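Notes to accompany the following structure.
The values are calculated or read from the model by the stated rules, or taken from the named source; none is laboratory data. Fair warning: this is a prediction, and the values are worked out from it, not measured in the lab. Cβ sites come from the backbone with ideal geometry, for glycine too, and all protein chains shown count toward neighbours.
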Amino acid sequence: MHHYSGPGRSVAFATGAMCATSHPLAAMTALDILKAGGNAVDAAVAGAVVLGFCEPMMCGLGGDVFAMVRDPKTGAIFGLNGSGRAPMALDASMLREEGLSAVPVDSVHSVTVPGAIDAFDRLVHTHGRLDLGTVLQPAIRYAETGVPVCHRSALDWAEFGPRLQGSGRDHYLKQGEPYAAGNIFASPAQAEALRLIARHGRDAFYAGEVMEDILDTLRAAGGRHTAEDFAATAATEAEPLLTDYRGHNLVELPPNGQGATALLLANILKRFDISRLDPNGAERVHLEAEATRLAYGARNRFIGDPEAASEHIEHMLSDETADALAALIDPRRVSPDINRRAEAVHRDTVFICVVDEDRLAVSLIYSTFWPFGSGMASRRFGISFQNRGAGFSLQAGHVNELKGGRRPLHTLIPGFLEKQDAYAMPFGVMGGPYQATGHAHFLSNLVDFGMDIQEAIDSPRSFLDPATGALSLEQGFGDEIASKLTEMGHEVTCPRIGMGGAQAIRIDLARNVLEGGSDPRKDGAALGF
């Protein structure tokens, strides 16, 4: 727990309801929706859409959503896959013929049909108390009047603003320059789009003026998207997967997200006595890095579109697989390298979790993949286009091969942790490819080292990047740990800013108290009443 002898945060407590997310305006929006009669689903959707204006480089109406909703009466968890698909007229063979070995992250071919609006519409209609129009009102207001840019967003704007192209520059730059901290970012054009969606529901986005604007912009750039692709977009139910980690259940969504990677990581790590290690020592970092190396290698072989990947997941999550992979880890030295991943990875996203007074709990993650997605935006409404299609493989016959109508490998994974009769916890760890490692690291911090949720979030992070093979260490580890890891065979690097972010709300089932944690690597908060 926080000892109040230096900087840091303590766990937030509440008895009524709580929201934890990466920007305080979004957290306040969620609580306002609850006070207005909405439930946790209404609040999570309202807060998430507001995040698109607080952190527009990370998420937006042109992105994707994954969510889980826990029923407090039965404990059952409903999963929803709101990720978009490649246009039906696009195929990997076309890009291979152009001499490409990967989908370029700034190409129109990286733009999959956005799934977020359909997912939001379905969540509210299926599980909410309010109508979508009411839920969208706070976002409409903030889009119209503007949001002061926070310091973290300003850092991202300065670094990734140059990625913007075409109409993206018109809508997301201030007189040609990135927005700075304290500047007001407004998007009246998106407010207009949201008003149409508020009046007409998801059809306003997938068939109508908004769709026509998006489609015209994509087709002008050479995209193969059609009106039929948009009309066919639909979020789908997803049966969650889980694994036991020393008496605690880690719950994840199945492919095309990388939730199974987090489960495999947990399965590998529980075969080691981690609790005897220094939580911030080189030995633990090395063990986690090697487990990541192996689990992400499996991810790259087995995870893709749900229909193509489902047959591989049972093998990926079997005890035999975890035993075999754990046996490959040398606790003292780096293991031989695995095949490095050719597909694109990205930096960050946003997450929101909400628990209401009835203890309905929501874990929701929302993203446009790379910062500012593809860098493109629709001309009229300024809707940024995700580049999630860069996650496809162009390798013929690969489980994640780009084909029309398929969903690509996603880094997005909302999470839940549970212990029977003790607690239930919606949580998420942002940070692109780091997310699966982040889930396992957070879980281990709680279970192996007895940290409270804020300590588990604050703890220094490391990540063995599957794309480069380099081991990134946050500043909290120090030079001595970096030197020891170098001696063990790691190529150590230090990121300029912290890795991603995390949010969590723990429902203490015995005391009926909520405990919230929010990551200082972002500008958010855990707020409750």
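Quick notes
- Candidate set from region 396-418 (those that are part of a strand (DSSP E or B) and touching a helix residue (DSSP H, G or I) at 6+ places or on another chain (Cβ under 9 Å)); member that is farthest from residue 87 (Cα to Cα): 417
- Meets criteria (assigned to a helix (DSSP H, G or I) and either at pLDDT below 95 or of a type in the set (Asp, Glu) (or both)) for residue 477: yes
- Residue selected from region 182-208 under the condition of a type in the set (D, E, K, R) and in contact (Cβ under 8 Å) with a residue 40 or more places away in the chain, by the criterion farthest from residue 139 (Cα to Cα): 202
- Residues of region 32-79 satisfying the condition of being surrounded by fewer than 24 Cβ atoms within 10 Å (Cβ to Cβ) and either under 22 Å from residue 172 (Cα atoms) or among the hydrophobic types (A, V, I, L, M, F, W, C) (or both): 36, 76, 77, 78
- Filter result for the condition that a residue is farther than 18 Å from residue 107 by Cβ, touching a Pro at 6+ places or on another chain (Cβ under 8 Å) and either modelled with pLDDT under 95 or not assigned by TED's automatic domain parsing to the domain that holds residue 108 (or both), over 348, 358: 348
A quick yes/no check of all residues on (1) surrounded by 14 or more Cβ atoms within 10 Å (Cβ to Cβ); (2) touching a helix residue (DSSP H, G or I) at 6+ places or on another chain (Cβ under 8 Å); (3) not assigned by TED's automatic domain parsing to the domain that holds residue 438:
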residue: 460; (1), (2), (3): yes, yes, no
residue: 468; (1), (2), (3): no, no, no
residue: 472; (1), (2), (3): yes, no, no
residue: 500; (1), (2), (3): yes, yes, no
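- For region 1-108, no helices (runs of 4 or more DSSP H) sit wholly inside it while including 3 or more residues that are among the aromatic types (Phe, Trp, Tyr), at positive phi and in contact (Cβ under 8 Å) with a residue 60 or more places away in the chain.
- When residue 293 is tested against (1) crowded, with 23+ Cβ neighbours inside 10 Å; (2) assigned to a helix (DSSP H, G or I); (3) in contact with a strand residue (DSSP E or B) (Cβ under 8 Å, 6 or more places away or on another chain); (4) not aliphatic (A, V, I, L, M), just one condition goes unmet, and that condition is (1).
- Residues satisfying the stated conditions in region 372-389, i.e. in contact with an Asp or Glu (Cβ under 9 Å, 6 or more places away or on another chain), under 19 Å from residue 158 (Cβ atoms) and not in a loop (DSSP other than H, G, I, E, B): 377
- Any hit, region 492-506, residues being modelled with pLDDT of 95 or more and more than 25 Å from residue 155 (Cα to Cα): yes
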